[in-house]
Amino acid sequence: MSQATELAAAAGSTDPKVGLRAVLALRRLLERLEVVQVDNARRQGWSWQEIAEALEVSRQAVHKKHAGRPAVPGSWE
Amino acid sequence: MFERFTDRARTVVKRALDEARAEGRHPVGTEHLLLGVLADPDALATRLLAESGVGADDLRARIRRHTGNGGLAEADAAALREIGIDLAAIVARIEESFGPDALREAAPPPRRRWGRRPHLGGPFSPRSKKALELSLREAIRLRHRHIGTEHILLGLLREGGGLGALVLTEAGVDLADLRRRVEEALRTAA
């Protein structure tokens with residue numbers, strides 16, 4: 001099998017181990033991306049309500065998850 | 001918990017803190033403790049690791065490979081590749097917009113918070129904290145009054161699960177064998 005077809009096979013792999021591992025990695029990436037983007041939104045003056053709407057979650061949920069961090073990371077050294 | 005640490009062991013912990021600080025605001029991980037030990041050229045632990053062909057530069061490069069993908073492990077990058085996602089491209093795009101290490105420093109908030117935030121766990125990661133506690137236990141087990149650099153290494157090996165242990169294994173070190181050799185060297189020295 002060529003490398004390309006191997007990759008294509010893995011993408012739709014029926015092996016749960018492969019598929020679930022990909023989901024886990026994706027979740028880890030998602031969590032980090034969310035932190036970057038929520039911080040960015042706060043820096044640009046977005047309210048928790050606006051962020052919550054963009055993420056389609058409740059304001060309480062997004063506030064509970066992210067409000068503990070300073071709004072502008074990197075500037076609190 | 002550092003009362004029984006020798007001056008050199010304290011220096012190791014201090015260096016680990018510096019290593020972690022140099023990387024951003026990460027808590028001290030087992031890999032930082034390992035680098036802290038290796039920074040002491042005269043430490044018994046460093047000598048034994050050198051005998052196994054392990055040096056600080058090599059380990060640093062290996063650690064970087066695990067933390068270079070925006071803070072995700074190489075295994076995560078591989079898993080994402082399997083479903084057609086190029087993590088390196090995403091990291092590059094984020095860093096372009098938000099600065100170097102933006103993704104790596106964006107550690108997700110801890111899931112469970114018992115009202116203490118955001119510095120849950122203090123300057124040490126749960127694993128490195130455990131490794132330091134185990135270094136104390138190792139010293140007690142070996143009937144040593146003080147905790148030296150070699151006990152920190154023993155603690156790291158006993159903990160066995162952090163990035164420190166992982167890069168050692170990758171460098172070809174048999175953790176159980178290394179532990180035996182450290183204990184042996186300690187007996188000879190005693």
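The values are calculated or read from the model by the stated rules, or taken from the named source; none is laboratory data. Treat the numbers as computed from the prediction; the structure is a model and nothing was measured. Please note: Cβ atoms are built from the backbone with ideal geometry, for glycine as well, and neighbour counts cover all protein chains shown.
Here are the numbers:
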item	result
Residues located in the stretch B:1-22, provided they are within 17 Å of B:Gly162 (Cβ to Cβ) and more than 13 Å from the chain's Cα centre (by Cα)	none
Qualifying residue in the stretch B:73-84 (condition: under 18 Å from B:Leu157 (Cα atoms) and surrounded by fewer than 19 Cβ atoms within 10 Å (Cβ to Cβ))	no
Number of the condition not met by A:Glu77 [criteria: (1) at pLDDT below 90; (2) in contact with a Pro (Cβ under 6 Å, 6 or more places away or on another chain)]	(2)
Helices (runs of 4 or more DSSP H) lying entirely in the stretch B:1-82 (those with 2 or more residues that are on the phi > 0 side of the Ramachandran plot and in contact (Cβ under 8 Å) with a residue 12 or more places away in the chain)	none
The stretch A:43-58 - residue that is assigned to a helix (DSSP H, G or I), more than 16 Å from the chain's Cα centre (by Cα) and at pLDDT 95 or above and, of those, farthest from B:Ile94 (Cα to Cα)	A:Gln49
Pick from the stretch B:85-118, criterion outside any helix (DSSP H, G or I) and at pLDDT 90 or above, ranking: nearest to the other protein chains (Cβ to nearest Cβ)	B:Ile85
Selection within the stretch A:21-53 - farther than 24 Å from B:Pro100 by Cβ, facing chain B (nearest Cβ under 7 Å) and not aliphatic (A, V, I, L, M)	A:Arg21
Selection within the stretch B:21-69 - within 20 Å of B:Ala176 (Cα to Cα), in contact with a Lys or Arg (Cβ under 6 Å, 6 or more places away or on another chain) and of a type in the set (A, V, I, L, M)	B:Leu48
Filter result (part of a loop (DSSP other than H, G, I, E, B) and touching a helix residue (DSSP H, G or I) at 6+ places or on another chain (Cβ under 9 Å)) within the stretch A:13-42	A:Ser13
